[in-house]
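Before any comments, here is the structure.
Readers should treat all values here as calculations from the given coordinates under stated rules, not as data from a laboratory. Just so it is clear, the structure is predicted and the values come from calculations on it, not from any experiment. Using ideal geometry, Cβ is built from the backbone for each residue, glycine included, and neighbour counts are taken over all protein chains shown.
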Amino acid sequence: MFSTIMAYSAGLPTAFAASLLLLIFKPFANRLLGRDRGRLYAIDSEVNKGKYTGVGIYFMLAFGVVVSTFCTGGFFDRLILATVGASSFFGFMDDRSISPWKEWVKGVIDIGLAVAAAILIPFVYTSDVVTITGDYIHIPFLIFIPLAAILIIVSVNATNATDGVDGLSGTLTIITTVTFIIIAFIRGTLNSGNLLFGLIMIAVLVPYLFFNFYPSKVLMGDAGSRGIGFFIALYAMILKIPFSYLIIGLPFLLDGGLSILKITIGRLTHKKIIILKNTLTPIHDHLKKQRNLSVPKTYLVICGFAVVVDSLFITVNIVLKIIGLL
């Protein structure tokens with residue numbers, strides 16, 4: 001009990017302070033960080049050109065160090081954490097490169113890291129999951145690996161595509177993490193260790209939002225978006241509620257995920273099949289261009305949608321718990 005209290009009382013303030021100080025001083029920024037090039041086809045991306053990008057490496061570094069220090073775990077726990085760090089690191093290397101990496105290169109990296117994490121997870125957390133009805137089911141190892149890898153890849157790319165509006169990805173990640181924690185508590189899979197893991201991510205993201213709310217001063221880049229996307233999928237599996245991502249992660253799936261789906265289908269069919277022809281993706285671009293919403297209003301619409309969806313999901317789970325169906 002004492003060690004748990006110490007972990008919370010020291011770990012969370014340390015995570016917050018480390019992230020804040022790194023983002024204030026941005027050590028070695030001129031040599032370390034890249035400058036935003038503007039996103040191809042993204043609406044209003046020119047306003048971000050020249051801003052520091054890749055600062056996600058700072059808060060992800062704070063996250064990794066604090067988790068390694070204050071969260072209990074063995075060798076395999078740290079290997080899993082290393083896959084999250086590697087996803088952030090490769091994103092950071094792309095951020096600071098003169099020209100963006102080719103999609104197939106990032107795809108190979110995503111698959112490799114996702115499969116590695118998927119293989120490691122059952123050794124630490126088992127491959128048991130809790131269904132929507134509250135029942136535990138065991139997913140065989142060889143089935144769990146591809147399913148877990150797909151979840152990670154989807155989460156990484158959806159989160160990455162969502163990162164196009166000041167403050168959006170960071171705020172959605174906090175909302176998503178809080179909702180996962182509440183659902184895990186209702187379903188009985190929350191414990192002091194996995195709770196601390198999620199709270200540390202929130203603690204390092206809050207300082208980032210100080211600098212990223214509209215008008216943003218810095219950008220998380222792929223170093224941040226790919227790292228937190230990896231974390232979200234991993235956290236769902238650690239809490240044994242990966243199926244809940246389909247609802248809790250809906251804002252990411254609808255905003256960024258539809259963009260990835262549209263591009264993928266177009267490429268596979270050589271543009272013979274184009275879905276959502278009259279809708280710009282990511283959805284935040286549609287809201288800005290077609291609905292003429294400002295950046296702050298676009299942020300509020302998507303985050304408001306996330307709060308409504310997650311609140312309804314929490315309410316349904318509470319009701320099911322009360323009537324004995326969970």
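Work the Kirkwood hydrodynamic radius out for the chain: mean of 1/r over every pair of different alpha-carbon atoms, inverted, in Å.
Mean inverse Cα-Cα distance, inverted, gives 20.1 Å.
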Beyond 30 Å (Cα-Cα) in this structure, taken from Lys240/Lys272; Lys217/Lys240; Lys26/Lys102; Lys102/Lys272; Lys240/Lys288; Lys106/Lys297, we find Lys240/Lys272; Lys217/Lys240; Lys240/Lys288; Lys106/Lys297
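Under unit Cβ charges (Lys, Arg +1; Asp, Glu -1), what dipole magnitude, rounded to 20 debye, does the chain have relative to its Cα centre? Intermediate values should be presented prior to the final figure.
On the way: 25 positive and 16 negative charges, 174 e Å.
In debye, rounded to 20, the chain gives about 840.
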Listed by chain and number, the aspartates and glutamates with an alpha carbon less than 17 angstrom from that of Lys51, same-chain partners under 8 positions apart left out, are Asp36, Asp94, Asp95, Asp163, Asp166, Asp222
Between the residues Met201, Tyr299, Thr176, the Cα farthest towards the positive end of the dipole of the chain, that dipole coming from +1 and -1 charges on the beta-carbon of Lys, Arg, Asp and Glu, is from Tyr299
For segment 234-306 versus segment 187-220, the gap between their alpha-carbon centres in whole angstrom: 21
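Kindly provide the helix-only [θ] at 222 nm of the chain, computed as the sum of -39,500 (n - 2.57) over DSSP H runs of four or more divided by all residues, to the nearest 500 deg cm²/dmol? Provide the component values of the computation, followed by the final result.
Numbers: 13 runs with 219 residues, N = 326.
Computed mean residue ellipticity for the chain: -22500 deg cm²/dmol.
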